[in-house]
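Visitor: My questions all concern the structure below.
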């Protein structure tokens, strides 16, 4: 695919990344990682007395809205119900809803992806074993080491689970 731009990219909300994608790949569809956004909710809503209700409401709107009109009506009702009209973060998120709310992204093919979480977990797994200058042979060797370490950790966890008493609540 040398010389071809990707059809779609999923990233976090990094503004520099967004600007670079618009410049380098102007025809590429860019969406934000839904997992990152939903993970930020407790922090962003932490100052509100009705934090849990607000987060539940946002979760329902994001995951259950079938059409953008349903999402927009629900969002406005939520802003009114919890007096959130002046929250800056929610304002930005609403203005950029076409980048992260599933009902706005339905018309486009995403191969079932909505998050960068898998690639980040793979990066975390291999992070201590490989780097950008790793040769293919080194990668294969390091992959073997990484898998042996993973298996060893699982055996240790299995052993612990057999010897520890699980308390009943």
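Visitor: Select from region 54-79 the residues that are within 27 Å of residue 7 (Cα to Cα) and within 16 Å of the chain's Cα centre (by Cα) and write down the one among them that is modelled with the lowest pLDDT.
Guide: 63
Visitor: In region 40-53, what residues are under 22 Å from the mean Cα position of the chain (by Cα), surrounded by fewer than 12 Cβ atoms within 10 Å (Cβ to Cβ) and without any contact (Cβ under 8 Å) to a residue 12 or more places away in the chain? Working first, answer last.
Guide: Of the residues in region 40-53, the ones under 22 Å from the mean Cα position of the chain (by Cα) are 40-46, 51-53.
Now restrict to residues that are surrounded by fewer than 12 Cβ atoms within 10 Å (Cβ to Cβ): 42-43, 46, 52.
Within region 40-53, 43, 46, 52 meet the criteria.
Visitor: In a helix (DSSP H, G or I), free of Cβ contacts under 8 Å to residues at least 40 places away in the same chain and touching a helix residue (DSSP H, G or I) at 6+ places or on another chain (Cβ under 7 Å), is that true of residue 85?
Guide: On the way: in a helix (DSSP H, G or I): no; free of Cβ contacts under 8 Å to residues at least 40 places away in the same chain: yes; touching a helix residue (DSSP H, G or I) at 6+ places or on another chain (Cβ under 7 Å): yes.
No; evaluated as a whole, the condition is false for this residue.
Visitor: Which of the residues that make up region 1-37 are buried (at least 16 other Cβ atoms within 10 Å of the Cβ), in contact with a strand residue (DSSP E or B) (Cβ under 8 Å, 6 or more places away or on another chain) and assigned to a helix (DSSP H, G or I)?
Guide: 18, 21
Visitor: Which of the helices (runs of 4 or more DSSP H) contained wholly in region 88-141 include at least 2 residues that are at pLDDT 75 or above? Reasoning before the result, please.
Guide: Numbers: elements: 88-95, 102-105, 117-126.
Per the criteria, 88-95, 102-105.
Visitor: Is region 28-36 home to any residue that is touching a residue at least 12 places away in the same chain (Cβ under 8 Å) and farther than 16 Å from residue 101 by Cβ? Quick ask: steps written out before the conclusion?
Guide: Keep residues of region 28-36 that are touching a residue at least 12 places away in the same chain (Cβ under 8 Å), which gives 28-36.
From what is left, the residues that are farther than 16 Å from residue 101 by Cβ are 28.
There is at least one residue in region 28-36 that is touching a residue at least 12 places away in the same chain (Cβ under 8 Å) and farther than 16 Å from residue 101 by Cβ.
Visitor: Mind counting the residues in region 58-82 that are assigned to a loop (DSSP other than H, G, I, E, B) and buried (at least 17 other Cβ atoms within 10 Å of the Cβ)?
Guide: Step one: list which residues in region 58-82 are assigned to a loop (DSSP other than H, G, I, E, B), which gives 65-67, 82.
After this cut, where a residue has to be buried (at least 17 other Cβ atoms within 10 Å of the Cβ) as well, the list is 65, 82.
Of the residues in that region, 2 qualify.
Visitor: Follow-up question, since we're still on this one. Is there any pair with a first residue in region 135-148 that is surrounded by 10 or more Cβ atoms within 10 Å (Cβ to Cβ) and a second that is assigned to a helix (DSSP H, G or I) whose Cβ atoms are under 8 Å apart and which are 6 or more apart or on different chains, and what are they?
Guide: Pairs found: 142/126; 143/126; 146/125; 146/126.
The values are calculated or read from the model by the stated rules, or taken from the named source; none is laboratory data. Since the structure is predicted, the reported quantities are computational estimates derived from the model, not experimental observations. Neighbour counts run over all protein chains shown; Cβ positions are idealised from the backbone, glycine included.
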